[in-house]
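Following: one structure in structure tokens, then a few remarks.
The values are calculated or read from the model by the stated rules, or taken from the named source; none is laboratory data. Note that the structure is predicted; figures quoted are calculated from it, not measured. Neighbour counts run over all protein chains shown; Cβ positions are idealised from the backbone, glycine included. Heavy atoms of the whole protein, side chains included, go into the accessibility calculation; ligands, DNA and RNA do not. Shrake-Rupley method; radii C 1.70, N 1.55, O 1.52, S 1.80 Å.
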Amino acid sequence: MEEKFKNISFLEYNSMDELPQPEKNLLQKAIEATTSSYAPYSNFNVGAAVRMGNGDIVTGSNQENAASPSGLCAERVALFYAHHKYPQQPVEAIAIAGSQNGKLTSELTYPCAACVQVMVESQKRGGTPIKIIVGSASKVQVIGSVESLLPFSFSNIPAE
Ligand code: THU
């Protein structure tokens, strides 16, 4: 038996203003996307912005439903639409922000595990690491690839 480790590293910034311009711009788009969230049940508004290999940006926000499992997180709204619009383009980065009562949260909004599992597949499709930028009013983290959030992920069902 051997104990094994997987380490993750990420960059932490004290404010959005410290981010390199492309990341700052993407996070700004995610913050703007929170305003189109439909979240009458949780009152938690999430915005996501996805940058494709060709530089285009697709945004999404959480869309809730009275039959709660029918709603969808901001990240999956944005990613699925991004793949629909640009089926041949890799996803380069995704930025995520949460807001409550019109104010950016002071805590970071990390993607839920179901959204990360979708990112695993996006990354596999694109063949390049997806950068995950999570922002809040107080700090920002940039995570270099999806494996850092889900070191062991379900992948394609192996052929028999
Ligand atoms: N939500 C997201 O949009 N993204 C996440 O990664 C976590 C949660 C949404 C789902 C629901 O509409 C609300 O936030 C509260 O859970």
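Structure data summary
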item	result
Single condition residue 59 does not satisfy, out of (1) polar (S, T, N, Q); (2) away from the ligand (no atom under 14 Å from the Cβ); (3) buried (at least 17 other Cβ atoms within 10 Å of the Cβ)	(2)
Among the residues listed as 38, 86, the single one being within 12 Å of the ligand (Cβ to nearest atom) and either within 22 Å of residue 141 (Cα to Cα) or over 11 Å from the mean Cα position of the chain (by Cα) (or both)	38
Hits in region 17-35 - residues which are more than 16 Å from the chain's Cα centre (by Cα) and in contact (Cβ under 8 Å) with a residue 12 or more places away in the chain	18, 19, 35
Test result for residue 135, buried (at least 23 other Cβ atoms within 10 Å of the Cβ) and within 22 Å of residue 8 (Cα to Cα)	yes
Filter result (open to solvent by 100 Å² or more (accessible area, probe 1.4 Å) and assigned to a loop (DSSP other than H, G, I, E, B)) within region 1-17	1, 2, 3, 4, 5, 6, 7, 14
Filtered residues of region 122-146 (kept if of a type outside the set (Ser, Thr, Tyr), within 13 Å of the chain's Cα centre (by Cα) and part of a helix (DSSP H, G or I))	123, 146
Residue match in region 64-71 (condition: closer than 17 Å to residue 95 by Cα and of a type outside the set (Lys, Arg))	no
Among residues of region 40-55, those that are outside any strand (DSSP E or B) and either surrounded by 13 or more Cβ atoms within 10 Å (Cβ to Cβ) or touching a Leu at 6+ places or on another chain (Cβ under 8 Å) (or both), counted	3
Given (1) at pLDDT 95 or above; (2) open to solvent by 40 Å² or more (accessible area, probe 1.4 Å); (3) more than 22 Å from residue 140 (Cα to Cα), number of the condition residue 20 does not satisfy	(3)
Top-ranked residue of region 66-83 - restricted to ones that are open to solvent by less than 70 Å² (accessible area, probe 1.4 Å) and not small (Gly, Ala, Ser), ranked as farthest from the ligand (Cβ to nearest atom)	83
Residue among 68, 42, 61 that alone is at pLDDT below 95 and either on the phi > 0 side of the Ramachandran plot or not charged (D, E, K, R) (or both)	68
